[in-house]
Amino acid sequence: MSTAQLPQVQAHDYSELGPIAQLVTNPQVTEIMVMGARDIYVEIGGKILLTPLSFASDEELMVVGGETDRRREPVVRRAPG
């Protein structure tokens, strides 16, 4: 089979997720928890770890997370897949 016959596979573009884009593509990360612009946790191997990553501001987080209510309830977003 030549490369011309291979089906096209579309890669996901996660760049709009800001600093957490690299976490979404990491197969070791089973959960991403964003608790605020500067508190981003991941679950790896059953352990919750604080990452050194952060959003530049609360406004950037709001753009990435979509609209959240002012009571600061967690927003759950699942990666496609």
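Data table
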read-out	value
Top-ranked residue in the stretch 21-30 [being in contact with a Phe, Trp or Tyr (Cβ under 8 Å, 6 or more places away or on another chain) and either among the β-branched types (Val, Ile, Thr) or in a strand (DSSP E or B) (or both); ranked as surrounded by the fewest Cβ atoms within 10 Å (Cβ to Cβ)]	25
Test result for residue 11, assigned to a loop (DSSP other than H, G, I, E, B), modelled with pLDDT of 90 or more and either exposed (fewer than 14 other Cβ atoms within 10 Å of the Cβ) or more than 12 Å from the chain's Cα centre (by Cα) (or both)	no
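The values are calculated or read from the model by the stated rules, or taken from the named source; none is laboratory data. Note that the structure is predicted; figures quoted are calculated from it, not measured. Cβ: placed from backbone, ideal geometry, glycine included. Neighbour counts: every protein chain shown.
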